[in-house]
Amino acid sequence: MLGLPTGIRVCLFDLDGVLTDTAAVHAAAWKEMFDRFLRDYAQQQGVPFRPFDARAEYDAYVDGKPRMDGVRDFLTSRGITLPEGTPDDPPDAQTVNGLGNRKNEAVQQRIRTDGVHVFEGSRRYLQAAEQAGLRRAVVSSSANTREVLDVTGLAQYVEEIVDGVTIRTDGLKGKPAPDTFLAAAARFGVDPSEAAVFEDALAGVAAGHAGGFGRVVGVDRVGQAEELAAHGADVVVQDLAELLNGEAL
Ligand SMILES: O=P(O)(O)OC[C@H]1O[C@@H](O)[C@H](O)[C@@H](O)[C@@H]1O
């Protein structure tokens with residue numbers, strides 16, 4: 001049903017890059033923040049400025065992970081260690097929290113001024129899943145999930161949300177750990193083998209694979225089909241509409 005194996009009763013959708021075209025919005029906000037930081041840091045240390053690569057470095061170290069993990073993992077990849085700071089650090093503080101807050105200001109400004117584009121194939125898939133009686137959750141690392149679901153009108157299709165706020169309040173491990181997807185499956189009282197994961201991020205398909213889910217659908221928006229398969233996707237599509245048309249499986 002819907003391009004999924006029999007026995008699947010629950011769909012667990014990532015948000016940014018799967019349902020909405022916000023992975024690119026996040027990547028641009030990350031670049032704005034990291035480039036400003038890296039320029040200042042290069043000047044302070046007397047080393048050359050090397051800009052953030054919004055494709056390769058974003059995909060490898062940031063995409064799909066909770067915000068602070070993205071800050072930390074990218075800085076570590078460059079051999080940079082900053083103090084953690086605290087969640088209420090101002091956006092100009094040179095701390096992990098300060099940089100995270102600066103990025104959040106940038107992403108929220110972009111969401112509010114440019115709006116959010118919904119992938120039409122994904123909207124159709126959500127509707128078809130609802131009609132078919134499949135249960136539906138959004139499982140995203142983003143603490144801005146509810147705002148994005150509200151402004152796009154997608155909230156009406158979604159029964160459960162496990163997001164960046166849940167990660168903080170419930171002390172869950174973020175993707176690539178499977179914990180957020182497992183928490184969503186548990187809310188419906190199903191075994192992971194009865195749930196399908198839909199993900200565009202390498203960290204996200206890795207989480208789906210690690211959790212033993214019944215199907216991990218990789219959604220390739222940026223030409224990384226092979227990497228998605230290598231990180232644990234059982235099938236890779238460019239758009240969820242392919243599953244409706246029966247092209248994928
Ligand atoms: O900063 P937010 O909105 O809490 O989002 C955290 C992460 O959420 C993920 O969904 C995105 O793929 C990442 O790019 C983003 O950084």
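The values are calculated or read from the model by the stated rules, or taken from the named source; none is laboratory data. These numbers were taken from a predicted model, which means no experiment stands behind them. FYI the Cβ positions are ideal-geometry reconstructions off the backbone, even for glycines, and counts take in every protein chain you see.
With respect to the stated conditions, residue 150 fails to be over 19 Å from residue 219 (Cβ atoms), crowded, with 18+ Cβ neighbours inside 10 Å and either modelled with pLDDT under 95 or not hydrophobic (A, V, I, L, M, F, W, C) (or both).
Do the conditions hold for residue 213, that is, is it more than 30 Å from residue 105 (Cα to Cα) and either at pLDDT below 95 or of a type in the set (Phe, Trp, Tyr) (or both)? Judged against the criteria, residue 213 is a match.
Would you call residue 69 in contact with a helix residue (DSSP H, G or I) (Cβ under 8 Å, 6 or more places away or on another chain), at negative phi, surrounded by 15 or more Cβ atoms within 10 Å (Cβ to Cβ) and not assigned by TED's automatic domain parsing to the domain that holds residue 145? No; evaluated as a whole, the condition is false for this residue.
Mind listing whichever residues of the stretch 156-171 are within 14 Å of the ligand (Cβ to nearest atom) and in contact with a Leu (Cβ under 9 Å, 6 or more places away or on another chain)?
In the first step, residues of the stretch 156-171 are kept if they are within 14 Å of the ligand (Cβ to nearest atom); the result is 161-169.
Scanning the stretch 156-171 gives 161, 162, 163, 166.
If we keep just the residues of the stretch 13-52 that are small (Gly, Ala, Ser) and touching a Phe, Trp or Tyr at 6+ places or on another chain (Cβ under 7 Å), which is farthest from the ligand (Cβ to nearest atom)?
Kept after step one, since they are small (Gly, Ala, Ser), are these residues of the stretch 13-52: 17, 23-24, 27-29, 42, 46.
Cutting the leftovers down to touching a Phe, Trp or Tyr at 6+ places or on another chain (Cβ under 7 Å) gives us 27, 42.
Working: 27: 7, 42: 23 Å.
Top of the filtered list is 42.
Right, residue 55: of a type in the set (D, E, K, R), within 14 Å of the ligand (Cβ to nearest atom) and outside the structural domain of residue 225 (by TED's automatic domain parsing) or not? Judged against the criteria, residue 55 is a match. No other residue among 156, 108, 127 is outside the structural domain of residue 216 (by TED's automatic domain parsing) and not basic (Lys, Arg) apart from 108.
Restricting attention to the stretch 62-78, which residues are hydrophobic (A, V, I, L, M, F, W, C), more than 11 Å from the chain's Cα centre (by Cα) and within 17 Å of residue 173 (Cβ to Cβ)? Walk me through how you get there before you give the answer.
Residues of the stretch 62-78 hydrophobic (A, V, I, L, M, F, W, C): 62, 68, 71, 74-75.
Pick out the ones that are also more than 11 Å from the chain's Cα centre (by Cα) and you get 68, 71, 74-75.
Result: 68, 71.
Among the residues of the stretch 97-149, those that are β-branched (Val, Ile, Thr), within 13 Å of the ligand (Cβ to nearest atom) and assigned to a helix (DSSP H, G or I) comprise 107, 111, 145, 148. Evaluated against (1) touching a residue at least 60 places away in the same chain (Cβ under 8 Å); (2) closer than 14 Å to residue 27 by Cα; (3) surrounded by fewer than 19 Cβ atoms within 10 Å (Cβ to Cβ), residue 105 falls short on exactly one condition, (1).
Among 179, 170, 200, which is the only one that is acidic (Asp, Glu) and surrounded by fewer than 16 Cβ atoms within 10 Å (Cβ to Cβ)?
That would be 170, the only listed residue that is acidic (Asp, Glu) and surrounded by fewer than 16 Cβ atoms within 10 Å (Cβ to Cβ).
Selection of the stretch 172-210 for residues being basic (Lys, Arg) and either under 18 Å from residue 234 (Cβ atoms) or away from the ligand (no atom under 16 Å from the Cβ) (or both) yields 175, 187. Counting only residues that are over 18 Å from residue 1 (Cα atoms) and in a helix (DSSP H, G or I), the stretch 189-208 holds 7 of them.
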